Amino acid sequence: MPTFDIVSEVDMVEIRNATENTQRELTTRFDFRGVAASVELKDEIVTLAAESDFQCQQLMDMFSKNLVKRNVDPYVVDVDEEALHIGKTFSLKVRFKQGIDQPMAKKIIKLLKDSKMKVQASIQGDKIRVSGKKRDDLQQAIALIKGAELGQPFQYENFRD
């Protein structure tokens, strides 16, 4: 029986590259000259720090531009609502969504069931396994999920006949 897995993963190498590119750009920007500002990646969390809230937002713009250049989907970025003020610095924490959480998995399964396709979907940890009798049904399921705006990017792997 043909199957495939739906996963949602972020390439941390691309995140590191975008972080390093933002650090390089920070050294050349005129508006950050003489300002204590930094961009740092640690434990899959990027910390943007600057002397004011406005500069933190500028750092976030620079970082998101570099993420887009590195083909990282903007939907995976989870940024703090407000910059945290500690002493003389403001800092923003940027996290990245990894895996498919339970409510999103249920939404995908409901989408597949409502479409009346002849596929079965099951939640397997942080991924979803979809199986069907025909390969064409699975390809239609992939097209359906790609077409739905679910607010998170998905990858399709482990396609077996």
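Once the range 80-91 is narrowed to residues that are surrounded by 17 or more Cβ atoms within 10 Å (Cβ to Cβ) and either modelled with pLDDT under 90 or of a type in the set (S, T, N, Q) (or both), the residue that is nearest to ALA49 (Cα to Cα) is SER91.
Please verify whether the range 16-37 includes one or more residues that are within 22 Å of the chain's Cα centre (by Cα), hydrophobic (A, V, I, L, M, F, W, C) and in a helix (DSSP H, G or I). Within the range 16-37 (the criterion being within 22 Å of the chain's Cα centre (by Cα), hydrophobic (A, V, I, L, M, F, W, C) and in a helix (DSSP H, G or I)), the answer is yes, since at least one residue qualifies. Every condition in (1) surrounded by 15 or more Cβ atoms within 10 Å (Cβ to Cβ); (2) part of a helix (DSSP H, G or I); (3) in contact with a strand residue (DSSP E or B) (Cβ under 7 Å, 6 or more places away or on another chain); (4) not hydrophobic (A, V, I, L, M, F, W, C) is met by THR47 except one, and the failing one is (2).
A Cβ distance below 9 Å, combined with a sequence gap of six or more or placement on separate chains, defines the contacts here; from the range 5-33, residues that are more than 30 Å from VAL130 (Cα to Cα) and in contact (Cβ under 8 Å) with a residue 40 or more places away in the chain reach residues that are open to solvent by 50 Å² or more (accessible area, probe 1.4 Å) and assigned to a loop (DSSP other than H, G, I, E, B) in the pairs ASN17/ARG70; ALA18/ARG70; ASN21/ARG70.
Of all residues in the range 25-41 being of a type in the set (Val, Ile, Thr) and surrounded by 10 or more Cβ atoms within 10 Å (Cβ to Cβ), which is nearest to MET62 (Cα to Cα)? It comes out as VAL39. Right, VAL94: hydrophobic (A, V, I, L, M, F, W, C), open to solvent by 50 Å² or more (accessible area, probe 1.4 Å) and closer than 30 Å to SER38 by Cβ or not? No: the conditions fail for VAL94.
The values are calculated or read from the model by the stated rules, or taken from the named source; none is laboratory data. Quick caveat: nothing in here was measured; it's all calculated off a predicted structure. Cβ atoms come from the backbone with ideal geometry, glycine included; neighbour counts cover every protein chain shown. Note: accessible area is taken over every heavy atom of the protein model, side chains too, but ligands, DNA and RNA are not part of it. Shrake-Rupley method; radii C 1.70, N 1.55, O 1.52, S 1.80 Å.
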